[in-house]
Amino acid sequence: MAFAGINYLAVLIAAIACWLAGAVWYMVLAKPWTAAIGTTPEQMEERRKRPGAFLPFVFAWLAALIIAWVLAGVLGHLGPGQVTLRNGIISGLFCWGGFVFTTMLVNNSFAMRSPMLLLIDGGYWLIVLVLSGAIVGAIGV
């Protein structure tokens, strides 16, 4: 099967949408997330003053961009006429369930982290993969 390329505009739109969705997700869940990582709002405020405190936002953007790009590649390999909204959503769900959530479950279990943290962070990555798949699937590769 030939693979012609990737629609970089679709990847960029997906990455922006996912990054913004993450901002909303974590603003809404800020209090339970802070509790789940075992810190207080005061400790978080102090951490924001440290050098490099902006880096998690940069990493989140880069992760969203890379995930959208890789998912576009996965969708492109489904074949001609198979890059659809539906297949994008299904592919995002499969990637999340098969790779992301399973990895997070193992890591959080060994680190004895709060199950709430797994739900909050895992929920975010579910949004990222489904949203990326939906956007790339709808626009096409």
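Order the peptides 126-133, 60-67 from the highest to the lowest mean number of other Cβ atoms within 10 Å of their residues. Could the numbers behind the result be given before it?
Numbers: 126-133: 24.2, 60-67: 17.1.
Going from most to least packed, we get 126-133, 60-67.
Percent of accessible area on the chain owned by carbon and sulfur, 1.4 Å probe? Intermediate values should be presented prior to the final figure.
On the way: 6360 of 8570 Å².
Here it works out to 74 percent.
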* Which of the peptides 115-122, 15-22 is most tightly packed, and how do the rest follow, judged by the mean count of other Cβ atoms within 10 Å per residue? -> 15-22, 115-122
* Structure fact -> Per-residue accessible area, 1.4 Å probe, largest first, puts Tyr8, Tyr124, Tyr26 in the order Tyr8, Tyr26, Tyr124
* Efficiency of FRET from Cβ geometry, Phe110 and Leu20, R₀ 41 Å, rounded to 0.05 -> 0.80
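Quick check: with the 1.4 Å probe, what order do Trp96, Trp25 take by accessible area, largest first? Mind dumping the intermediate values first?
Numbers: Trp96 50, Trp25 70 Å².
Output order, biggest surface exposure first: Trp25, Trp96.
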* **region 95-141-region 70-90 distance, computed between alpha-carbon centres (Å)** => 18 Å
* In vacuum, with every alpha carbon of region 1-66 counted as one equal point scatterer, what does the Debye formula give for log10 I(q)/I(0) at q = 0.15, 0.18, 0.25 Å⁻¹? Two decimals, please. => -0.62, -0.80, -1.14
* Structure fact -> Reviewing [x] 1.22; [y] 1.05; [z] 1.16, the figure for Cα Rg over 2.2 N^0.38 Å actually calculated from this model sits under [z]
* Stretched out fully, how many nm does the piece from Leu119 to Phe99 gain, at 0.36 nm a residue minus the Cα gap? -> 5.7 nm
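The values are calculated or read from the model by the stated rules, or taken from the named source; none is laboratory data. The model shown is predicted, which means the values in this text are computed figures rather than measured ones. Note: ideal-geometry Cβ built from the backbone for every residue, glycine included; neighbour counts use all protein chains shown. Ligands, DNA and RNA are excluded from the accessible area calculation, which covers all protein heavy atoms including side chains. Shrake-Rupley method; radii C 1.70, N 1.55, O 1.52, S 1.80 Å.
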